[in-house]
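Report on the following structure.
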Amino acid sequence: MYAVNDDQSIVVNPIGVVRSKMENVDDLTLPGRPAQVEIYASYQQGLLRIEENSHLWLLLWFHKANRRMLTSVPHRFNPNLPDYGVFGLRSPHRPNPIALCLVKLEATLGNILEVSGLDAIDGTPVLDIKPYYEHDIIFSPRTPYIRAVDRTMRQNIMLKEALMHHQEECPGSFLGVRMGLVADEFMGHLNSSDLSLTIDGFRCLGDTLQGLSRARLANPSRFNFQENLTFNRSIWERPGRSLVLTARQEFNVEDCLTLADEELFSIELK
Ligand SMILES: [Zn+2]
């Protein structure tokens, strides 16, 4: 707890507002929803040629946040996690509740931006919009392992990561998400520098698993891929432990979302 000090106040004026079916903070589900961003008429000129971007950073003001918190438990992921300082989290609760949200720009209609992946409620003030550039990418960042306790949430987060990386929803990407979920359960954080990954299979599977694991070809060498048009297998290895997931056959998207792990893969843990 700290005292709000308004001696150095900065005044910002919202440039627009979120229009969403999500009206309550409790309705929000990761990884965000389709929504509209309405830009006020006096700022509309600032949207000139914005449609040349596929993705945008939105800076929002989380007007319902608790501004007196400096530590928080990421309880949406797991209420049993320890406290983290709010500056190392994306928690909405922080002294200046400025939210950073990466969205896909689906369409621009005058002063309305149709976006997907927005994690904010109806009526949230919009402070600024910036384009997402290639040089915003750190392919393999080091991040704390804040793992959602709920498997459906973990799957939804991985589906979003897969789509953002692979840019297509296809059987290979859905199979990759299911392999990634199982690998996360047996092998831990997929982004770990000591976890390496070898894939024999379709290019869409290889691309998706590279995106989920952030495994690079070198420095360190964590990723190997061999195209195989007859089967799909991923081998996950870290010192003293390995996991082999072999797809039992070729599956369609619905199978990948509905079948049990054991129906999709043979699972060998060594
Ligand atoms: Zn694909």
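The values are calculated or read from the model by the stated rules, or taken from the named source; none is laboratory data. The shown structure was predicted, so the numbers you read here are calculated from the model rather than taken from an experiment. Glycine also receives a Cβ, built like all others from the backbone with ideal geometry; neighbour counts cover every protein chain displayed.
So that you can scan it fast, the table gives a plain yes or no per residue for (1) in contact with a helix residue (DSSP H, G or I) (Cβ under 7 Å, 6 or more places away or on another chain); (2) of a type in the set (D, E, K, R):
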| residue | (1), (2) |
| --- | --- |
| LEU127 | no, no |
| ILE137 | no, no |
| ARG142 | no, yes |
| MET153 | no, no |
| ASN156 | no, no |
| LEU159 | yes, no |
| GLU168 | no, yes |
| VAL177 | yes, no |
| GLY180 | yes, no |
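Scanning the stretch 118-145 for residues that are among the charged types (D, E, K, R) and exposed (fewer than 10 other Cβ atoms within 10 Å of the Cβ) yields GLU134, ARG142. The lone criterion from (1) part of a strand (DSSP E or B); (2) in contact with a Leu (Cβ under 7 Å, 6 or more places away or on another chain) left unmet by ALA120 is number (1). Within 16 Å of the ligand (Cβ to nearest atom), in contact (Cβ under 8 Å) with a residue 60 or more places away in the chain and outside any loop (DSSP other than H, G, I, E, B), is that true of LYS130? In short, no.
Would you mention how many residues in the stretch 160-174 are assigned to a loop (DSSP other than H, G, I, E, B) and more than 6 Å from the ligand (Cβ to nearest atom)? Step through it out loud before you land on a result.
Start the filter on the stretch 160-174 by keeping residues that are assigned to a loop (DSSP other than H, G, I, E, B), which leaves 167-170.
Checking the rest, the ones that are also more than 6 Å from the ligand (Cβ to nearest atom) come to 167, 169.
Residues that pass the stated criteria total 2.
ARG90 meets each of the listed conditions (1) within 14 Å of TRP57 (Cβ to Cβ); (2) modelled with pLDDT of 95 or more; (3) surrounded by fewer than 18 Cβ atoms within 10 Å (Cβ to Cβ) apart from (2).
Checked against (1) within 16 Å of the ligand (Cβ to nearest atom); (2) buried (at least 17 other Cβ atoms within 10 Å of the Cβ); (3) over 25 Å from SER140 (Cα atoms), PHE265 passes all but condition (1).
Can you say whether ARG178 is more than 15 Å from the chain's Cα centre (by Cα), within 14 Å of the ligand (Cβ to nearest atom), at pLDDT 95 or above and basic (Lys, Arg), as far as the supplied structure shows?
Details: more than 15 Å from the chain's Cα centre (by Cα): yes; within 14 Å of the ligand (Cβ to nearest atom): no; at pLDDT 95 or above: yes; basic (Lys, Arg): yes.
Taking the combined requirement at face value, the residue does not satisfy it.
For residues that are of a type outside the set (S, T, N, Q), within 16 Å of the ligand (Cβ to nearest atom) and more than 18 Å from MET164 (Cα to Cα), scanning just the stretch 187-229, find the one that is surrounded by the fewest Cβ atoms within 10 Å (Cβ to Cβ). Within the stretch 187-229, the match that is surrounded by the fewest Cβ atoms within 10 Å (Cβ to Cβ) is LEU229.
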